[in-house]
Structures are given as structure tokens and as C-alpha cells.
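My structure is below; once you've seen it, I'll send some questions.
The values are calculated or read from the model by the stated rules, or taken from the named source; none is laboratory data. Here the structure is a predicted model, which is why all the values come from computation and not from measurement. Because the Cβ atoms are built from the backbone with ideal geometry, glycine has one as well, and the counts that use them run over all protein chains shown. Just so you know, the surface numbers come from the protein's heavy atoms only, side chains and all, with ligands and any DNA or RNA stripped out. Shrake-Rupley method; radii C 1.70, N 1.55, O 1.52, S 1.80 Å.
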Amino acid sequence: MIYRTEHPKPQFMRESFRNLNGSWGFEFDFSKSASERGVLESDTPLQNEINVPFCPESKLSGINYTDFIPACIYRKEFMLGENEMSGNIFLHFGAVDYKATVYLNGVCVGTHKGGYSSFSFDITRFCQQGINTLTVYCEDDTRSSDIPSGKQCHKYESYGCFYTRTTGIWQTVWLEFTSKEYIKSVRYFTDINSGAVSVKASLAGKGELKARVLFDGKLVGSGSVKTDCGQALINIKLDEIHLWELGKGNLYDVELEFGSDRVKSYFGLREIHFDGMRFMLNGKSIFMRLVLDQGFYPDGVYTAPSDKELENDIIRSMAMGFNGARLHEKVFEERFLYHADRHGYIVWGEYANWGLDISRPESVHNILPEWLEIVNRDINHPSIIGWCPFNETWDEGGRRQCDDILRLVYLATKSTDPSRPCIDTSGNYHVISDVFDVHDYDASGSAIRERYKNLPYGFDDKFADRQEYISGMPLFISEYGGIGFMLDRNGWGYGNIPESKQAFLDRLTDVTGAILDNKYICGFCYTQLTDVEQECNGLYTYDRIAKFDPAEISKIISAPAAIEKE
């Protein structure tokens, strides 16, 4: 069975797309000697088979090997016809953890470092008509302090908030065929006040770029421009204004044409900013009712078994009253963001910084290049309302974080995308940030009310010796709750386990109400959407079974927020 056959980039789709998921040859390389043994340049079939795009640690891969994997080899044959050889051929990878070296017909075509960002190679000159042999060599070391690994466990067995590792290919692999003149990338800039969109494209070759904008199949704007400099900008006035709103994606479809190249895309018309301490969406104060989503699956680990399951996690979240999520310690695949765009579901785009020692200045090289790849990949998604490259930057071996790393990554993020707020490091320790967020797992609503009663001038910050809250900064409680419940195995949650469903609901009402009632708090993020392995503080089990009536949770989460009334 071939899984995940849908197009992996809904915002940049060509019909000339060939999915390479399915059965691949596979071998472990525990000694990391494949190159010396001549395996990588060979076309000899490998010893085992794996179901791509699932990592070898997962059940769906058919391998289900959960010990450490220092290196592994993938091999796949594919056919190319005469017509496909007439233009350019690109090989795309959604994500490969951690370092990927790619060979085609025995020749190395390129290397990519970073387990979460998408990448591609122009393989035109390496291809041949007929059978082509693709080999991918993957190296990973979750124990290395030079490799960001998020919540992947650095010990043999999962424990605490660290879970099963992911090695190698874990997102879709595909081929794309273009003419010699083609569209490289596109960026959208929208203006809700004038009802307009600017389409900025990077191009290969010269010619005329044309853009048609449609809403519900109706043409609502178009434009064109001739260029021979590799860049083009088209400003389009929209005949109809449909704002991207909470619970209502209202997406505009875009048809791009450059020579014989055709790309289908979309954008959302919305505006975000902070007005003092209030988060504003299209000029309206919105309270961020978020849930922590870690994006793990019992059978696929990092990879959802189907596109529908990606969407279903959004539907499950919204059913319990949440209007968005923190995509936590992981970079989610673009299909998830597409569904968030469609549903009007707000998210913070994050990175998997855990595992990376940032007490050394040189560690910036191990995050910044990949992080900027991620920001550029996802910059057009209207669902993303902010960036957060780091989470809880704890000390490493008694050494404090290098503040200059956080400052540099923040400034690079803002330079790349000045349209969104950026949190330098969620929870601690802030250096330079547009939002001051805290993690507060206190189980007492009265204690929470007391802690934040002096806002907007200040609050009782347990890390006040390491970070400074500036009066009037937006305050976001980006982790709270984490209430464990229905632990049917050796698991854990924050605080004491409630003895009954009613006790759980009473505690959730108490702590949530304390946050909602403070007119200077702009949002919360409840930990978490689902259980993950031994961490059993989800509102759903790991198998996505609701522990409570969603309507009961929604009533608590959706209660009015004081800041929305200001």
C-alpha cells in the first residue's frame, strides 16, 4: 500500500508531479561505512524494504526498529520517458532527519543538513531516459549537541517528555517536471484596507508572468508583467474582499503562468498586529485559545498515516473550543498548514531546538540556516500568526545560553518576515522578543490570579533574575494546565491526577478562568491536545479518543476573555 499520495505543497502545485512514496530498498549502516564499501554508488538492491515516507522507527514503515540508528540507506528506481527528459527535472524531499546525501545513477547530486526543512535538487543533468536509480544516505545522532532533535529521546527508552526517535525520510519524496523557463517561488503581500494583493515571483528565464485570482471559482482579479531579470511583481486590485478569519479560511485561489509553466496556489487576506497588549486580527481583538500540538502519531511517529488525520487533529482541537495551536518542538509538514489555512485555525510556527547546545556561539550555524529555510517555506500561510525558533532554553552543563544566538536568530527572522511577531524563546530565557510569554503549570486559579494581578506593570516572574518584563508588553501564557488524566499505564501529567472527570473539569475551569479574567493577558496554550507515549496529559488519548465530552471542554475554553472586551 502506498501512503500519503496527495500533493505535498498545496500552495505551489504543478500537474507535472510524481509521488515517489511507497516501497523502497533499505539497509542500516551502523558502522557508517557505506561510502567506503561502494554501496552508495552502486545500483545493487538493498537487503530490506521500507514504506516511505515513514521513518524506520515507526510501525507503518515495516521496519519498527526503535534503537539508535546512526545511518541508513534508501534506494528507489523510477522510469523517465522522452517527454519528461525534455525540460527540467527536480527531486523534492519534504524532510529527512538529519543529514541527507543524494545519489542518482551512482553520482552524488547534493547534500542537505537539517531534519525539518524541505529541500530539492535540480537533477536534470544526472537523469537518463529509462530506468534511474536513486540512493539516499541518511546520518543522524540524536545524542549530539550539534543536532536539534526536538522531543526525540536521547536515551534508549522514551521518558518524561521525550519520545520515539525519527531517522531518515519522514515526509513525501516527489519528482517535478518543468519547462526551461519556470517559476521558482512566489510571495504574497496582502492589504485588507485597499483590498489588494501583490504577487512577487522569482523566475528562471525571461518572459511574461500572468496571475489570475479566483474566489469560489469566480475571477476577482488578474495582472501580468514582462521580465527578463528573474524577478517579477504584479499588483492586483481584488473585486471582492473576503477576509481570512477564525473558523473561516476564505482562501483565494491563484493561477500563475510563465511561458509554458503553470502553478496553482492560494493566499488568505488578513492583517495581524499587536495593539498594546492585545492581539489583533483584521482590526479586532482576538484571544489566542491555543492547544499544544506535538505532532506525534502512534503508528507513524513524526508522520501522520493519512492527510485526513492531519486535518482531523485540527477538527478535534476546534471541537474542544480552541482556535489554534502551538506546533510544538517540531516543524509540521505543509499539508497541516494547508488545512489550518482552510479552517481559519491560527498557529505559531516553531522549531525543534531541544537537543542543541546553544551555550556555544558557534551553535548558531546549527540552527539559523535551516530555520530560515523553514520561514521561507511557510511564509505565505495565513494561519501562521507568529514565529518561535526556541523553546525553554535551559542551561547546558551549567553553562548559560548564548544570548547573542537568540538575538541573531530573532533579528534574522524579523528581517525575513517583518509582518509577524517573533518570540525569541518560549518560556525562558527571553533576550529580545515581540511577545513576553511564560509557562505556568500552577494548579490553583487563585495563585494564577495573584501572580499576574499587577499587569500591565509587572508580574511575579520566577525567572526575573534572567529576563526582564517591560511594562505593557503583550503577555501570553503559552503553556498551562497539563492535567494528567486516565493514566492506564506508567505515565505522567503535571500536578496531582484528578480523581474523577468532574475534578478534572473543576481544575480546568479554575485555572482557565483565572487567565481569561485578566484583561492584560492576550492568550493561553493548554498542554496538550493528545497524550504522547508516556506523557498522559492530553485531552485525547494517543489513539485520538476523546477523554471528555468535547462540548464540556469547549464551554470552558470558549468562555469570554476580558481582553477581547477592551
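Considering only protein heavy atoms, what per residue accessible area in square angstrom results for the chain with a 1.4 angstrom probe?
38 Å²
Can you tell me the dipole magnitude for the chain around its Cα centre, using point charges on the Cβ only (Lys, Arg +1; Asp, Glu -1), in Debye to the nearest 20?
For the chain, the charge dipole is close to 1000 debye.
Considering Cα pairs under 8 angstrom that are at least six residues apart, work out the relative contact order of the chain and quote it in whole percent.
12 percent
Report the extension gain between SER194 and SER444 in nm, rounded to one decimal, defined as 0.36 nm multiplied by the number of residues separating them, less their alpha carbon distance.
Working: separation 250, 0.36 × 250 = 90.00 nm, distance 4.71 nm.
Taking 0.36 nm per residue and subtracting the Cα distance, the gain is 85.3 nm.
Let me ask something else about it. Please work out which option in [x] 28.2; [y] 25.7; [z] 32.4 gives mean projected area of the Cα convex hull in nm² calculated from these coordinates, and answer with its label.
[y]
Continuing with the same structure: Run the paramagnetic zone check for MET13: 7 angstrom along Cα to Cβ, then residues of segment 236-255 with backbone nitrogen under 19 Å.
Within reach of a label on MET13, which here means backbone N under 19 Å from a point 7 Å along Cα→Cβ, segment 236-255 contributes 249-255.
Could you point to the residue in ILE384, LEU238, PHE78 farthest towards the positive end of the chain's charge dipole, with +1 and -1 charges on the Cβ of Lys/Arg and Asp/Glu respectively?
Looking along the dipole axis, the top candidate is LEU238.
Where the centre of each part is set by its Cα atoms, how far does segment 303-325 sit from segment 198-236, in angstrom?
About 33 Å separates the Cα centre of segment 303-325 from the one of segment 198-236.
With r defined as the distance between the Cβ atoms of ILE2 and HIS365 and R0 fixed at 41 Å, what FRET efficiency is calculated, to the nearest 0.05? Write out the running numbers ahead of the final one.
On the way: r = 37 Å, r/R0 = 0.91.
Between ILE2 and HIS365 the formula returns 0.65.
Let me ask you something else. Of PRO418, VAL431, LEU46, which is farthest towards the positive pole of the chain's charge dipole, taken about the Cα centre with +1 and -1 on the beta-carbons of Lys, Arg and Asp, Glu respectively?
My answer, from the dipole projection, is PRO418.
I want the antiparallel fraction of DSSP beta bridges within the chain, as a percent rounded to 5. Please report the intermediate quantities before stating the final value.
Details: 97 of 130 bridges.
Counting only bridges with both partners in the chain, antiparallel ones make up about 75 percent.
Along each of its three principal axes, how wide is the spread of alpha-carbon positions in segment 414-504, in whole angstrom units, largest first?
Over segment 414-504, Cα extents along the principal axes are 47, 32, 23 Å.
Sequence gap of 8 or more, or different chains, plus Cα separation below 20 Å: how many lysine pairs satisfy both in segment 424-566?
Going through segment 424-566 pair by pair, I get 9.
Between ILE470 and GLU41, what length comes free when the chain is fully extended (0.36 nm per residue of separation minus the Cα-Cα distance, one decimal in nm)?
148.7 nm
Just grab the label-to-label distance for LYS284 and LEU214, each label 7 Å out from Cα along the Cβ direction, in nm (one decimal).
2.8 nm
Multiplying the sequence separation of SER500 and CYS229 by 0.36 nm and subtracting their Cα-Cα distance, what value in nm do you get?
The SER500-CYS229 span can extend by a further 90.9 nm.
So for the pair SER260, SER185, with labels modelled 7 Å out along Cα→Cβ, what separation do we get in nm?
2.7 nm
Run the dipole for segment 301-416 about the Cα centre, Lys and Arg Cβ at +1, Asp and Glu Cβ at -1, nothing else charged, and hand back the magnitude in debye, nearest 20.
Its charge dipole is roughly 260 debye.
Could you check how much of the accessible area of segment 299-428 is carbon and sulfur, as a whole percent, using a 1.4 Å probe? Mind dumping the intermediate values first?
Details: 1850 of 3550 Å².
Carbon with sulfur: 52 percent of the solvent-accessible area.
What's the magnitude of the charge dipole for segment 1-159 around its Cα centre, counting Lys and Arg as +1 and Asp and Glu as -1 at the beta-carbon? Answer in Debye, nearest 20. Let's see the in-between values first.
Numbers: 15 positive and 20 negative charges, 68 e Å.
Computed about the Cα centre, the dipole is about 320 debye.
For segment 185-281, give the percent of accessible area contributed by carbon and sulfur heavy atoms, probe 1.4 Å, rounded to a whole number.
Heavy-atom surface of segment 185-281 belonging to carbon and sulfur, 1.4 Å probe: 45 percent.
Further, regarding this structure: Just the number, please: carbon plus sulfur as a percent of the accessible area of segment 1-93, 1.4 Å probe, no ligands or DNA/RNA counted. Please report the intermediate quantities before stating the final value.
Numbers: 2040 of 4240 Å².
Roughly 48 percent, rounded to a whole number.
Just grab the label-to-label distance for SER86 and PHE463, each label 7 Å out from Cα along the Cβ direction, in nm (one decimal).
5.8 nm
Among TYR542, THR190, ILE63, whose Cα sits farthest toward the positive end of the charge dipole of the chain (+1 at Cβ of Lys/Arg, -1 at Cβ of Asp/Glu, about the Cα centre)?
The Cα lying farthest towards the positive end belongs to THR190.
Another question about this same structure. Could you work out the helix-only [θ] at 222 nm for the chain, with each DSSP H run of four or more residues adding -39,500 (n - 2.57) and the total divided by the number of residues, to the nearest 500 deg cm²/dmol?
Mean residue ellipticity, 222 nm, calculated: -4500 deg cm²/dmol.
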